[in-house]
Amino acid sequence: MSSDSIISSLSPESIQSGFAELGYICDESIAMSVYLATQLNKPILVEGPPGVGKTELAKATATLLQQSLIRLQCYEGLDESKALYEWKYGKQLLYTQVLKDKLGDLLKGAHGLAESVTRLHEFGDIFYSEDFLEPRPLLQALKAPNGSVLLIDEIDKSDHEFESFLLEMLSDYQISVPEIGTIKAVSQPVVLLTSNNTRELSDALKRRCLHLYIPFPDLKLEQKIIQSRVPEAPEDLRNQLVDFVHTLRELDLKKHPAISETIDWARALVLLHANSLDKKLVESTLNLLLKHEEDIVSVKQELTSLFAKAVKGSKHHVRR
Amino acid sequence: MNNTFVEFVHALRGADVRVSTSEALDAVQALQLVGYQHRASLKLALGQALAKSEEEKQAFNQCFDQFFHFSNMEKLSDTPTIPFQEPLLQEQPASTNSSEKDNIANRLINNLSQLASNIEASLTGQSNATLSEPGQSSGQPAQSQSPLGQLLLSGDQAAAAMAMASAGQSTNVNQIQLMTQKGLYGRRMMMAMGLEAMEEEIWQAELSNNPQQLQLAQRLRAARDLLRSEVRDYVEQQFLLQAQAKGKRLRQDTMMHVRIEHLREFKDTQILVRKLAKRLVKKHAHRKKVHNRGQLDVRSTLRQSIPNDGIMFNPQWKTKRSNRPKVMAICDVSGSVSQVSRFLLMFLYSLTDVLPRVRAFAFSSRLGEVTELFQQLDINDAINETLDTYGNGSTNYGQALLDFKEHCLADVDKKTTIIMLGDARNNYGEAETDILRELYQRSNQLIWLNPEHKNRWGSGDSEMKKYQAYCTLAEVCNSLSHLERAIDKLLIRQ
C-alpha cells in the first residue's frame with residue numbers, strides 16, 4: 001500500500017490500534033493529534049516531561065505510515081549548514097582542479113578579458129547546483145519522494161535564530177537556498193517537534209503547530225505499556241512495579257522516573273527472575289529508576305513506608 | 001454553527017488563551033474532520049489546535065466544558081460516532097407555512113428537525129423524557145400547534161438546546177455586560193424562540209372546555225416553566241463566559257493606568273504583574289548574541305576552512321553574548337512609596353528568567369539587604385517581611401546611601417545597573433550626593449524611579465533635582481504601565 005493511501009485511510013481509532021500493534025500504547029489524545037497532523041498537514045509540537053515517549057511516538061508514526069524517519073537532533077549552536085544543507089566543498093575543489101585543463105579549451109579563441117568572463121558566466125552556476133549540495137535532515141525530508149516523518153528533537157535546546165529559521169519550513173514545507181532558490185517539498189512530510197520545555201518557545205512557532213502534551217500515563221495505561229514492552233514480566237510483578245513507580249512520582253524528587261525508566265526496571269527485574277517486589281530487591285535496583293544520588297538517598301529512607309503503600313495498592317488493584 | 005465557533009474562540013480569548021486567526025482556521029479544519037458528534041474527540045481536536053501550552057490546556061478544558069454544556073451531549077458521547085454526513089445546520093429557505101407568526105422560530109425549527117433526525121439515529125434506546133411528562137405521551141391528547149410548544153413537547157432535548165443556542169445568538173446574549181441584564185436577555189431569548197405564539201396557545205386552550213385542550217395547556221405551562229429555568233441557566237452561563245472575561249480585561253486595562261497607591265492588594269494585580277513580567281520575559285529572551293561586525297574571528301574562520309583545503313573564503317565574525325544586567329534595586333519602603341516598591345520588587349523577582357541576578361535593598365532610615373528574604377520566601381511574604389522590618393521611620397536618603405556605600409560599593413561594577421526607587425524626600429537631612437555620583441561613575445547605569453510627578457521634583461524637602469544630575473535616567477513611575485516601561489528600558493539598554 002502506498003503511503004498516500006495509508007494516510008487517507010486513517011482514523012483516530014485505527015491509529016491507536018495500529019500503534020498498539022507496534023508496541024506503542026497510547027491514549028486517544030496522541031492518536032487524535034497524529035490523525036489531525038496527517039490529515040491537515042500540520043506539524044505537531046509534542047511537549048511533556050522527559051521519558052514519556054515523545055521520540056518513540058515519531059518512530060511509531062514512521063513505521064505506521066511506512067515512511068522513513070529522518071531525525072534532527074537540536075542543540076545549542078545548531079545552524080542551517082548542519083540542519084538544512086552544506087555545499088560539498090571537497091567535491092567542488094576537486095572538480096575545479098580536474099577541470100582546470102578544460103578551462104583552456106573553453107577560453108580558446110576568446111579575445112580579451114571581457115569576452116573570457118562572459119564565456120565563463122555561461123557556465124557560472126555549475127558549481128552551485130544541486131549536484132554539489134549535501135542535503136542535511138531538513139532537505140532530505142523535503143526531497144524524500146514518498147514522504148517521510150521528520151523528527152525535530154528537543155527544539156527547546158536550539159537557539160532562537162534556528163527556531164525562526166524553521167518557520168518557513170513548518171508553514172509552507174519549503175526552504176530557500178540563496179544560491180539555488182526555493183525548494184518545495186516533493187511530498188509533504190509529517191513533522192514532529194519535541195520539547196522538554198526548558199525554555200518557552202516563540203508564539204510564531206506554536207501558532208504553526210498542533211500542540212500535544214504527553215503527561216505521565218495513568219496506572220492502567222502504564223501497565224498496558226509494560227505488558228506490551230516487557231511481556232515476560234509476570235502480572236503480579238507488573239502491577240506492583242507500576243504502583244511503586246506511581247508512588248514515587250508523587251514524591252518531591254529532583255527527577256521523577258519516566259516510562260522509559262519503568263521499562264528498564266521491569267526488564268532488569270525479569271532478568272533477576274523476580275516474581276514479586278521485595279524491599280531488598282528494590283533497594284538494590286533503585287538506581288535504575290532514580291538518576292540522582294539525593295533522590296536515591298531520600299527514597300531509601302522512606303522505602304519501608306512507600307513499599308507498604310505500593311504493595312497494598314497493587315493488592316487492592318488485583319482484587320478489583 | 002460557525003457563529004458558535006467564533007463565539008467559543010472569543011470566550012477562549014477571554015479566558016487568556018491566546019488564539020490567533022490562523023489557529024482558529026486550523027481548528028475549523030480539524031472540526032470538519034472530526035465533526036460535532038463525538039464530544040470527546042471534538043474536545044481533543046480543538047484543544048490541540050487552539051491551546052498551545054499546559055496552562056492554556058487547562059483554561060481550554062474549563063472553557064470547553066462551560067461552553068458546550070448541553071445536558072444531552074454527555075449522553076451522546078457514549079454512543080458510537082455517527083458518520084459525518086454534512087454540516088448539520090445548513091441555512092434552509094424560509095418555511096412555506098406562512099400562518100405562523102414568528103418567522104425566526106420557524107426557520108429555526110426547520111433547521112432543527114434535520115438535526116433531530118440525526119440525533120435520534122444515535123440515540124437509540126436513550127430515554128429522553130426529561131422535558132415531556134411521563135405517562136402523558138402514551139395517550140393521544142391534543143397536539144400543540146405552536147412551533148415552540150411542539151418542540152418542547154417532542155421531548156427532544158438536544159433540539160431544544162440547539163434552539164436555545166440559536167435564539168441566544170439572534171438576541172446577542174454574548175453582548176451581556178452586567179449581572180442586572182440577565183432577566184432582560186432571558187426574556188428576549190424566550191421571545192425569539194416563539195414564546196408569544198405558545199402563550200397565545202396556552203391561553204386559547206385554557207379558555208376552551210375541552211378536557212384534552214385543558215390537559216394540553218397544563219403540559220405546555222409546565223414545559224414553559226422548565227424552559228424558563230433552562231434559559232435562565234443559559235444566560236447565566238453566557239454571562240460567566242463572556243462578561244466575566246470582558247470585565248476582567250476591562251479591569252486589568254484600567255489597573256495598568258491607575259496610580260499604584262490606589263491599587264492595594266487585589267488578587268488580580270498580582271496576576272497582572274506576573275502577566276506583564278511574562279510579556280517582558282518573552283520580549284527579551286531573544287537577542288542572546290550581538291554580532292560584532294567587522295571583527296574577524298580567526299579561530300572559527302580557520303576551523304571553517306578545513307573542508308575547503310584550508311582556503312579561508314568563509315570568514316567568521318566575532319559575536320558577543322550580551323550580558324544580562326546585574327541589577328541592584330534600592331527601594332524606599334516608607335509611607336506612600338512603599339506600595340510602588342512592592343510592585344517594583346514583585347516585578348523584578350518575576351523576571352528571574354531574564355534577570356537572574358537581582359539584589360534588593362530596602363530602607364527608610366537604615367538600609368539593609370533583603371535579597372535572601374526573596375530567595376527563601378514567597379514573594380508576598382518577603383515583601384510583607386521587608387515592609388515590617390524596614391518600613392517604619394523617617395526617610396533618610398543620606399544615611400541610606402552611606403549604608404549602601406559601606407555595605408556593597410565594592411560589588412558595584414561596570415555591569416551593574418542600580419535602580420533607585422523613592423520620592424527623594426529627605427526631611428531636610430544631608431543629601432550625600434557625592435556617594436550617588438560615585439555610584440553613577442562605577443555602575444553601568446543608574447536609574448531613578450520617582451512616584452511623584454515631575455512638577456513636584458525639587459519642591460519642599462525633595463532632593464530630586466540634586467540627585468537627578470547623577471542619574472542615567474530619571475523617570476516618573478506611579479502606575480503599572482510606567483513600571484513596565486521602565487523595566488523594558490532597563491532590559492534594552494545593556
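The values are calculated or read from the model by the stated rules, or taken from the named source; none is laboratory data. Every value quoted in this text rests on a predicted model; they were computed, and no experiment measured them. Cβ sites come from the backbone with ideal geometry, for glycine too, and all protein chains shown count toward neighbours.
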- request: Sort out which residues of segment A:177-201 are under 27 Å from A:Thr38 (Cβ atoms) and either among the charged types (D, E, K, R) or loosely packed, with under 15 Cβ neighbours inside 10 Å (or both), and write them in order of number.
  value: A:Thr182, A:Lys184, A:Asn197
message: Looking only at segment A:64-73, filter to residues that are in contact with a Leu (Cβ under 7 Å, 6 or more places away or on another chain) and closer than 22 Å to A:Ser17 by Cα; which one of those is farthest from the other protein chains (Cβ to nearest Cβ)?
response: A:Leu69
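Can you say whether A:Leu93 is surrounded by 13 or more Cβ atoms within 10 Å (Cβ to Cβ), more than 13 Å from the chain's Cα centre (by Cα), on the phi < 0 side of the Ramachandran plot and more than 14 Å from chain B (Cβ to nearest Cβ), as far as the supplied structure shows? Full working, then the answer.
Working: surrounded by 13 or more Cβ atoms within 10 Å (Cβ to Cβ): yes; more than 13 Å from the chain's Cα centre (by Cα): yes; on the phi < 0 side of the Ramachandran plot: yes; more than 14 Å from chain B (Cβ to nearest Cβ): no.
No, not satisfied.
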- prompt: For B:Arg425, all conditions in the list (1) within 26 Å of B:Ser479 (Cβ to Cβ); (2) charged (D, E, K, R); (3) within 33 Å of the chain's Cα centre (by Cα) hold save one; what is the number of the exception?
  reply: (3)
query: If we keep just the residues of segment B:32-66 that are of a type in the set (A, V, I, L, M, F, W, C) and away from chain A (no Cβ under 12 Å), which is surrounded by the most Cβ atoms within 10 Å (Cβ to Cβ)?
result: B:Cys63
query: Scanning segment B:188-197 for residues that are in a helix (DSSP H, G or I) and in contact (Cβ under 8 Å) with a residue 40 or more places away in the chain, which turns out surrounded by the fewest Cβ atoms within 10 Å (Cβ to Cβ)?
result: B:Glu196
task: Specify which of the listed residues (A:Arg207, A:Arg267) is within 30 Å of B:Gly47 (Cα to Cα) and not aromatic (Phe, Trp, Tyr).
output: A:Arg207
message: Suppose we keep only residues that are among the small types (Gly, Ala, Ser) and farther than 16 Å from A:Asp153 by Cα within segment A:32-63. Which one would you say is nearest to the other protein chains (Cβ to nearest Cβ)?
response: A:Ser33
message: Tally up the residues in segment B:398-429 that are acidic (Asp, Glu) and farther than 18 Å from B:Ser341 by Cβ, please.
response: 3
Qualifying position, being within 21 Å of B:Arg274 (Cβ to Cβ), more than 9 Å from chain A (Cβ to nearest Cβ) and touching a residue at least 24 places away in the same chain (Cβ under 8 Å), among B:Val9, B:Val28, B:Val19: B:Val19
task: Pick out the one residue from B:Ala285, B:Ala245 that is modelled with pLDDT under 70 and farther than 25 Å from B:Thr417 by Cα.
output: B:Ala245
task: Please work out which residue is nearest to the other protein chains (Cβ to nearest Cβ), limiting yourself to segment A:179-229 and to residues that are acidic (Asp, Glu) and more than 19 Å from B:Lys52 (Cα to Cα).
output: A:Glu179
query: Going by the structure shown, is A:Leu212 closer than 30 Å to A:Asp243 by Cβ, modelled with pLDDT of 85 or more and surrounded by fewer than 17 Cβ atoms within 10 Å (Cβ to Cβ)?
result: no
query: Can we say B:Ser394 is in contact (Cβ under 8 Å) with a residue 24 or more places away in the chain, buried (at least 17 other Cβ atoms within 10 Å of the Cβ) and small (Gly, Ala, Ser)?
result: no
field: Unmet criterion (only one of (1) part of a loop (DSSP other than H, G, I, E, B); (2) surrounded by 15 or more Cβ atoms within 10 Å (Cβ to Cβ)) for B:Tyr185
entry: (1)
task: Could you please give the count of residues in segment A:275-302 that are crowded, with 17+ Cβ neighbours inside 10 Å and modelled with pLDDT under 85?
output: 1
query: With respect to B:Tyr470, is the statement that it is in a loop (DSSP other than H, G, I, E, B), within 18 Å of B:Gly398 (Cα to Cα), under 42 Å from the mean Cα position of the chain (by Cα) and among the hydroxyl-bearing types (Ser, Thr, Tyr) true?
result: yes
message: Would you confirm whether or not segment B:441-452 contains a residue that is surrounded by fewer than 17 Cβ atoms within 10 Å (Cβ to Cβ), assigned by TED's automatic domain parsing to the domain that holds B:Leu348 and not in a helix (DSSP H, G or I)?
response: no
query: strands (runs of 3 or more DSSP E) wholly in segment B:303-403 with at least 1 residues that are more than 29 Å from B:Ala277 (Cβ to Cβ) - which ones?
result: B:317-321
task: For A:Gly77, state whether it is surrounded by fewer than 13 Cβ atoms within 10 Å (Cβ to Cβ) and in a loop (DSSP other than H, G, I, E, B).
output: yes
message: Can you go through A:Asp105, A:Asp27, A:Asp101 and tell me which one is within 14 Å of chain B (Cβ to nearest Cβ) and more than 15 Å from the chain's Cα centre (by Cα)?
response: A:Asp27
query: With A:Leu170, A:Leu166 as the choices, which residue is within 14 Å of another protein chain (Cβ to nearest Cβ) and among the hydrophobic types (A, V, I, L, M, F, W, C)?
result: A:Leu170
